Structures are given as structure tokens and as C-alpha cells.
Amino acid sequence: MRILFKQILIQDSRSSFYGKKVDLLASNGQWVEIAPQIQAEADLVISNSDLQWFPSVVDLRVHNTLPGGEHKEDWTSLQSAAWKGGVLDFLLLPTGDPVPQQPEAIEYIAEKLAGSGVNCYPVAPLTIGNKAENFSDLMDLHQAGASWFSHGAGSLQDTDLMLKCLQYLQPLAAKVISRPDVKGLSLFGQIHEGLQSTLLGLKGIPVLAETMHVKRDLDLLAYVMEHSFGLANPDFSLHFSCISTAESVRLISDAQKAGLPVTADVAIYSLIFTEDAVSDFDTMKKVNPPLRTEADRSALWQGLKEGTIMAVVSDHHPVEVESKELEFDQAAFGTIGLETLALTFIDEAKRQGLANIDKYLSHGAAAFLGIQLPELKVGETMKGFILAPDSHVYTSKDIVSKSKNSIFIGSTLQHRLVGVFNGLTYTYGQ
């Protein structure tokens with residue numbers, strides 16, 4: 001199978017053709033020629049105007065609904081949603097019921113989507129059943145292939161447990177993922193504690209709930225590294241997921257400058273929306289962490305530009321319709337996002353003047369996973385997606401996920417993702 005791309009704008013910042021329009025020729029899933037002009041026979045010629053080539057997306061935060069939540073998302077719909085969004089590698093949180101916590105379960109998940117064009121990387125639980133009572137078999141899980149550990153979709157509230165997890169894992173090439181939130185401060189909270197929570201009469205989730213937890217975990221990390229006796233693995237780190245406040249950005253930046261092995265990501269919805277989006281009680285915009293202020297949103301973008309935040313994530317969280325069509329304070333938190341992560345981030349990143357957009361969608365997260373995406377050069381595997389200009393209003397009919405709880409329903413998107421390619425597996429114009 002030979003595919004010829006005509007005059008496509010290259011948006012892979014690692015490529016020597018970055019920012020240029022070139023012709024690309026692929027044969028049997030590999031690039032065989034890249035030049036200003038190519039005249040060659042091909043089974044498929046892609047020559048629509050204003051097309052852009054991006055490397056595939058790597059998503060570091062996808063909620064697992066399996067087993068037990070097949071009505072929200074199953075393996076087939078999860079793969080379809082990821083593929084449609086150009087997300088060909090993603091981290092899957094240990095949020096199934098029961099929690100996948102045996103080495104065999106980790107190996108099973110890692111192989112479940114093999115051959116589909118999409119790769120799944122399972123996160124292992126820090127404690128058995130995510131109950132924060134007893135440690136899981138951290139060493140056995142690591143040997144089974146788990147290099148990432150979290151407390152379900154959240155973070156350990158028990159300080160002693162968190163300290164010991166960091167101590168046990170710091171000699172390994174392991175990442176401990178924390179979604180910072182002091183439960184005692186966010187309990188029963190619905191939206192950001194601020195103007196809108198006051199106007200709407202909803203209990204707020206204060207900034208302090210996040211920043212106090214960030215401070216605690218950074219203090220624990222500093223203690224562990226100071227008492228590691230030189231045994232800390234160079235690939236060990238603490239990762240904060242879905243930070244949402246300006247103060248979190250500052251704290252993490254200071255820790256990085258001090259030499260602590262700490263990284264962070266941000267959810268796409270925190271980069272697009274603010275607390276004002278919930279003024280009409282739209283439950284689709286009920287997410288956790290909550291939508292914050294414009295000052296927080298601006299600080300998150302600045303954190304990306306300065307390198308404090310290394311990746312943007314979907315926080316893909318399928319929720320059945322019955323859990324969203326309720327009064328706001330009774331509705332479930334969460335939004336799906338695999339299908340819209342690239343589209344929404346690229347549009348807003350251009351408005352924000354962010355350079356090297358692919359760094360935050362692809363390469364930063366790939367480095368976190370310990371993988372390297374194929375480069376756009378002769379001999380490498382064709383792995384990426386094509387973007388085409390097409391202003392349209394996003395609706396539930398566009399969604400292939402089983403759950404339709406997208407925060408972006410009703411938003412106007414400026415592009416469509418018209419082709420996804422991974423070696424011999426591809427879709428175009430569908």
C-alpha cells in the first residue's frame with residue numbers, strides 16, 4: 001500500500017521539515033520519500049488544501065471503567081475514541097471495579113489493544129483496592145511492566161502511606177502520580193470556590209484544597225530524596241496530574257528549580273474554560289478539578305510556555321447520561337476527552353501563541369512513558385494524524401465513545417481530524 005501526501009504542512013517540531021509544506025510518500029506503513037515535490041504512483045493520493053501533519057497524541061490520563069463499567073466504555077469503544085482523536089498511546093488509571101492490581105492484570109491490560117493501532121499503558125494502584133489500607137505488591141507490579149503508580153484517580157490522603165510509597169519506589173524507574181486534593185477541604189464541593197459559587201449558592205472547592213496537597217507531596221519528596229543515600233533511580237519522579245491553579249504552577253516550578261524530580265500535566269478543560277462556564281448550571285462542565293479563574297487559566301498557559309507543565313491530558317472520564325441529567329449538586333463529575341484533546345488544544349494553543357504545540361500533545365508525554373514516537377524521516381514508521389480546517393459546532397452525534405458527557409458539546413471547533421495513521425493501520429476521510 002502506497003500513500004502520497006501532497007503539499008502538507010509539517011507540524012512535527014523534531015523534523016527538519018517543520019513548518020514547511022512538502023510531499024510525503026509512504027509504502028507499507030513507512031516513509032520512503034520526503035521532498036518538495038514527488039511524482040510517483042500511489043494507491044491513495046491525499047491532496048486537499050491546507051492539511052497539516054502532526055505526530056500522534058500521547059495522553060497521560062484516561063479513566064478505566066473496566067471491569068464493571070462496560071455500559072460507560074468498553075475496550076472497543078475506548079479504542080475507537082482514542083483512534084478518532086489521534087491518541088495512539090495512553091495511560092490507563094487503576095479505576096476499574098474490581099481494581100486491576102495483580103501482575104497478571106497489568107500484563108493483560110498492556111496487551112489488550114495490541115494490534116489495534118492504539119497502545120495502552122496500565123497504571124498500577126499504590127494500595128490494594130485503592131482503599132489506602134494496605135500496600136499493593138509494588139515490586140511485583142513493577143516487574144510485570146507497571147512503571148506508573150497512583151491512588152486510583154486521586155491521591156493518598158494518609159501522609160505516612162504516601163511517604164512510604166515514595167520511599168519504596170524511589171530506587172526504581174517508577175513514576176508516582178498524584179491528583180492533588182485535600183479531601184477534607186473539597187468535601188461536598190461542586191465548583192471553584194469564588195464568585196460563581198457565591199452567586200449560584202453552591203459549595204465551593206477552594207484553591208487551598210489543591211495547593212496544600214501539592215506542598216505536602218513536595219515536602220515528602222524532598223525528604224525522600226534527601227534520605228535516599230544516593231540510591232534514588234534517575235528515572236524516579238513524582239508527577240502531579242491535572243493541576244488547576246496558579247499557586248500550584250509556582251510551587252512546582254520552584255521545586256523543579258531546586259532539583260526535585262517532579263513533573264506536572266494539565267487537563268485540557270482547565271486551559272479552555274473558567275468558572276464562568278458553569279453559570280447556567282451546565283452539568284457537562286462539572287469536572288474535578290473544577291474550572292478555576294481566568295488568572296489561573298493564564299498561569300497554566302504560562303506554565304506550559306515555561307516548561308513547568310510538560311503535557312496536556314484529556315482526563316477522559318466516561319459517565320452515563322443518567323448521572324449527568326440531574327440537579328447540579330447531584331450530578332457526577334467528569335468529561336470524556338480522547339476525541340477532542342488534539343482539536344481543542346491546537347486551536348487554543350495557536351491563539352495563545354504557544355510554539356511547538358506537538359511537544360505538549362506528544363513528545364513530553366512520550367518521554368514520561370519512556371517511549372519515543374517515530375520521527376518524520378525516510379525509513380521510519382508513519383505514525384500521526386492529519387488536521388484539516390473546518391469550522392463546526394461539536395455535537396453528541398460526533399462522539400464515538402459510549403458515554404456522551406463531553407464538556408465541549410456546543411463549542412465551535414476550527415478543525416477536523418480527517419486521517420489517522422499508524423504503520424499499516426490507517427483511516428482517512430471517514
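Here Lys131 is the anchor, and the aspartates and glutamates within straight C-alpha reach of less than 15 Å, apart from those fewer than 8 places off in the same chain, are Asp97, Asp158, Asp160. Taking the accessible area of region 76-183, probe 1.4 Å, and keeping the other protein chains in place, the carbon and sulfur fraction comes to 50%.
Spin-label pair Gln39-Asn356: with each label point 7 Å from Cα along the Cα-Cβ axis, the two points sit 3.9 nm from one another. In the calculated pair-distance distribution of region 55-94, the portion above 11 angstrom amounts to 62 percent of the Cα-Cα pairs.
Estimated from the Cβ-Cβ distance and a Förster radius of 35 angstrom, the FRET efficiency linking Glu375 and Trp75 is about 0.70.
To the nearest 20 debye, what is the magnitude of the charge dipole of region 299-353 about its Cα centre, counting +1 on the Cβ of each Lys and Arg and -1 on the Cβ of each Asp and Glu?
460
Here's how it looks for Leu172: its modeled amide H is under 5 Å from those of Asn233, which are all 5 or more places away or on a different chain. Relative contact order for the chain: 18 percent, from Cα pairs under 8 Å spaced at least 6 residues apart, divided by residue count. Please give the helix 294-306 orientation as an angle from the longest Cα principal axis of the chain, in degrees from 0 to 90, rounded to the nearest 10. Between helix and principal axis, roughly 60 degrees.
For the chain, the Cβ-based charge dipole about the Cα centre amounts to some 780 debye (Lys, Arg positive; Asp, Glu negative; other atoms uncharged). Compared with the dominant principal axis of the Cα atoms in the chain, helix 341-351 is inclined by about 90°. Taking Cα centre as origin and charging only the Cβ of basic (Lys, Arg, +1) and acidic (Asp, Glu, -1) residues, the dipole magnitude of region 280-416 rounds to 400 debye.
Using the rule -39500 (n - 2.57) for each DSSP H run of four or more residues, divided by the residues of the chain, the 222 nm mean residue ellipticity is -7500 deg cm²/dmol. Site pair Gln414 and Ser391 shows an inter-label distance of 1.0 nm when each label is modelled 7 Å from Cα along Cα→Cβ.
Of the residues Gln372, Thr293, Gly337, the one whose Cα sits farthest toward the positive end of the charge dipole of the chain, with +1 on the Cβ of Lys and Arg and -1 on the Cβ of Asp and Glu, is Gln372. In this structure, the pairs whose alpha-carbon distance is over 23 Å, taken from Lys164/Lys359; Lys175/Lys377; Lys350/Lys397; Lys164/Lys257; Lys215/Lys286; Lys324/Lys402, are Lys164/Lys359; Lys175/Lys377; Lys350/Lys397; Lys164/Lys257; Lys215/Lys286. A cut-off of 5 Å between modelled amide H atoms, ignoring neighbours fewer than 5 places along the same chain, links Arg416 with Ala388, Asp390. Solvent-accessible area assigned to carbon and sulfur over region 379-430 amounts to 49 percent, based on a 1.4 Å probe.
Ranking Val182, Ser150, Gln37 by Cα position along the charge dipole of the chain, where only Lys, Arg, Asp and Glu carry charges on their C-beta atoms, puts Gln37 farthest toward the positive end. Loop-located chymotrypsin sites (Phe, Trp or Tyr not before Pro) across region 118-220 with a Cβ neighbour count of 13 or fewer within 10 Å are Phe188, with loop assigned by DSSP. Of the residues Pro171, Leu208, Thr425, the one whose Cα sits farthest toward the positive end of the charge dipole of the chain, with +1 on the Cβ of Lys and Arg and -1 on the Cβ of Asp and Glu, is Thr425. Using C-alpha pairs under 8 Å with a sequence gap of at least 6, the mean separation divided by the residue count of region 1-136 gives a relative contact order of 19 percent. Excluding ligands, DNA and RNA, the accessible surface per residue across the chain is 39 Å² with a 1.4 Å probe.
Principal-axis analysis of the Cα atoms of the chain puts helix 246-257 at an angle of about 80° to the longest axis.
Highest mean first, the peptides 319-328, 369-378 sorted by other C-beta atoms within 10 Å per residue fall in the order 369-378, 319-328.
The values are calculated or read from the model by the stated rules, or taken from the named source; none is laboratory data. Source: prediction; values computed, not measured. No Cβ is skipped: glycine too gets one built from the backbone with ideal geometry, and neighbour counts run over all protein chains shown. Calculation scope for accessible area: heavy atoms of the full protein, side chains included, ligands and nucleic acids excluded. Shrake-Rupley method; radii C 1.70, N 1.55, O 1.52, S 1.80 Å.
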